[in-house]
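Chemist: One structure is given below, represented as structure tokens, and several questions about it will come after.
What follows is calculated from the coordinates using simple rules that are stated; it is not laboratory data. Remember, predicted model here, so these are calculated numbers, not experimental data. Heads up, the Cβs are rebuilt from the backbone with ideal geometry, glycines too, and the neighbour counts pull from every protein chain shown.
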Amino acid sequence: MEKKCGSCVDFGLLVLRIGIGAAFIKHGYPKLFEGTVESWTALGSNMSIVGITFAPAFWGFMAAFSEAVGGLALVLGIWVRPAAFLMLITMGIATAMHIKGGGDFNVYSHALKMAVVFLAIFIAGGGKYAIGACFTGKCTKPKTGEAGGD
């Protein structure tokens, strides 16, 4: 029973990674590939909330990168923890920006919820149905006699 439950957790992580990753690809792609230095500077200037005021265009680019490329990494199941960490930081800054701007809970709740999701993914990792798990020998391989097996 415990082994089956473990598979459910890994399948749940797969569904979570693909769903959230695809949404963030859609959300981050225009920021990354249609963004300009001016738009990245405006986005990156939000880092001043944590006292970082240098290179705002770089930080804005990194926010767009974390959403688009981080989303792709989640979907594929590669570099899951680094991607989740970058996305956690991005959503943390977004949450802080909305709170500091006087937004109510309905304004900042999306970024806050996504920060919690990325924290959970960072802690749990991608699961055994992630491509990255195969690099470490933790992915599921069919047993002899099963479809795809020896």
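Chemist: Taking 8 Å as the Cα distance limit and 6 or more residues as the minimum spacing, I'd like the relative contact order of the chain as a percentage. Intermediate results must be reported in sequence, preceding the final value.
Modeler: Working: 203 pairs, mean separation 35.2, N = 150.
Contact order relative to length: 23 percent.
Chemist: Over the stretch 2-135, how many pairs of lysines fall under 24 Å by alpha carbon, counting only those 8 or more apart in sequence or from different chains?
Modeler: Qualifying lysine pairs in the stretch 2-135: 6.
Chemist: Using each residue's phi in the stretch 83-95, evaluate 6.51 cos²θ - 1.76 cosθ + 1.60 at θ = phi - 60° and report the 3J(HN,Hα) Karplus result to the nearest Hz, with x for Gly and Pro.
Modeler: Each residue's phi maps through the Karplus curve to give 5, 4, 5, 4, 5, 4, 4, 4, 6, x, 5, 4, 4 Hz.
Chemist: In whole Hz and in residue order, list the ³J(HN,Hα) couplings for the stretch 121-128 that follow from phi through the Karplus curve 6.51 cos²θ - 1.76 cosθ + 1.60, θ = phi - 60°; x for Gly and Pro.
Modeler: 5, 4, 5, 7, x, x, x, 6
Chemist: Residue by residue, what Karplus-based ³J(HN,Hα) values in Hz, rounded to whole numbers, does the stretch 14-24 have, using 6.51, -1.76 and 1.60 with θ = phi - 60° and x for Gly and Pro?
Modeler: Those phi angles translate into 4, 4, 4, 4, 5, x, 5, x, 5, 4, 6 Hz.
Chemist: Rounded to the nearest 0.05, what FRET efficiency is calculated for Asn106 and Val37 with R0 set to 30 Å and r the Cβ-Cβ distance?
Modeler: 0.40
Chemist: Take every Cα-Cα distance within the stretch 2-135, group them into 5 Å bins from 0 onward, and report for each bin the whole-number percent of pairs it holds.
Modeler: The percentages, shortest bin first, are 2, 12, 18, 21, 19, 13, 7, 5, 2, 1, 0.
Chemist: Using a Förster distance of 25 Å, how high is the FRET efficiency between Ala22 and Phe54, based on the Cβ-Cβ distance and rounded to 0.05?
Modeler: On the way: r = 33 Å, r/R0 = 1.33.
It comes out at approximately 0.15.
Chemist: Compare the peptides 114-120, 64-70, 103-109 by average per-residue count of other Cβ atoms within 10 angstrom and give them in order, highest first. Can you show the working numbers first?
Modeler: Details: 114-120: 18.0, 64-70: 22.7, 103-109: 12.3.
By packing density, highest mean first, the sequence is 64-70, 114-120, 103-109.
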